Amino acid sequence: MRTCRHRPVRSSRDAGWRTVAWREYPQHDRKGWAMAFRVLIIGGTGQVGAAVVRSLLAEPACAEVVQINRRDVGPSTDDRLRHVTLDTSSVSFADAVARLARDMQASGEPVVGVSCVGVGAGSLKWSEDALIALEVGVVGAFARGCRAGGVDRFALLSAVGSTSTSRFRYVRVMALKEEAVTAVGFPRLAIFRPGIIAGNAHTPGYVAWLGRLVPGKFGVVDQDDIARAFVAVSRQDDGERGVVVLENGRMK
């Protein structure tokens, strides 16, 4: 049986947390043990994306984060974070992503694709065509590249209430993005649909406060809770397949 190297991780197999020492474990180990994994992410410079990257780097089981950027952001200060600059508008973008994914797969550890692309409050200044070009075109190409590179698991940032029949433009575009990524055919796809995001620079404080009075999926979820949920999905390899949707309650 193929083996992979594990970092020290915390396990909840007993009532309390405990540390698992460095050693070799089978590639498919007992349920509840966190295995080393790598993440290929786009949108890591945004508000939610940056929080996800921070949470991933705080997770001992995360062996590497490769972040795709449209422009050079300089060297990383963490040896587990690698920045790669790619032209996301290029017709060869998906092929470049596939090559990156295959290189990461060579480590023998599972690779998870993550998209945290999102315009947020600035979406009102964008035309619908521009929004579709980014949210559907770029994210769709990234997802296709990940799948072509052998990635089985993908996590996608969307928005609450996404539906193609909505009268709200941004929500319609989010639905188109979800459809495009779902069509790629990942064996395991997690779609995140947060409501009002607290702790985000694009969310005024009074909006976050008022949002706490709104129950359910349209209410408030803290940005750090979203980030931790992305990490939990990246760590989890329980053999389940299909599409799972995470709204506020499940993220918390």
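Read the figures in this text as sums done on the coordinates, not as results from a lab. Treat the numbers as computed from the prediction; the structure is a model and nothing was measured. Neighbour counts run over all protein chains shown; Cβ positions are idealised from the backbone, glycine included.
Annotation: extensible slack from Arg250 through Ala50 equals 69.9 nm (criterion: 0.36 nm per residue apart, minus Cα-Cα distance). Using R0 = 30 Å, the C-beta based FRET efficiency linking Thr163 and Ser76 works out to 0.20. Applying 0.36 nm per residue to the separation of Thr182 and Val84 and subtracting their alpha-carbon distance, the gain on full extension is 32.8 nm. Other residues within the sphere of radius under 12 Å centred on the Cβ of Gly140, judged by their own Cβ, net out at 0 (K and R +1, D and E -1). Of the residues Lys177, Lys252, the one with the fewest other Cβ atoms within 10 Å heads the list, and the complete ranking is Lys252, Lys177.
Distant-in-sequence amide contacts of Leu246, defined by a placed amide H-H separation under 5 Å and a gap of 5 or more residues or a different chain, comprise Ile191, Phe192, Arg193. The largest-to-smallest principal axis extents of the Cα set in region 34-251 are 47, 37, 36 Å. Scanning residues 5 or more positions from Ala155 or on other chains, those with amide H under 5 Å from its amide H are Gly113, Val114, Ser115, Ala190, with H placed 1.01 Å from N in the peptide plane. Were the residues from Arg241 through Ala58 laid out at 0.36 nm apart, the gain over their Cα-Cα distance would be 63.2 nm. Please report how far the C-alpha centroid of region 132-152 lies from that of region 167-188, rounded to the nearest whole angstrom. About 11 Å separates the Cα centre of region 132-152 from the one of region 167-188.
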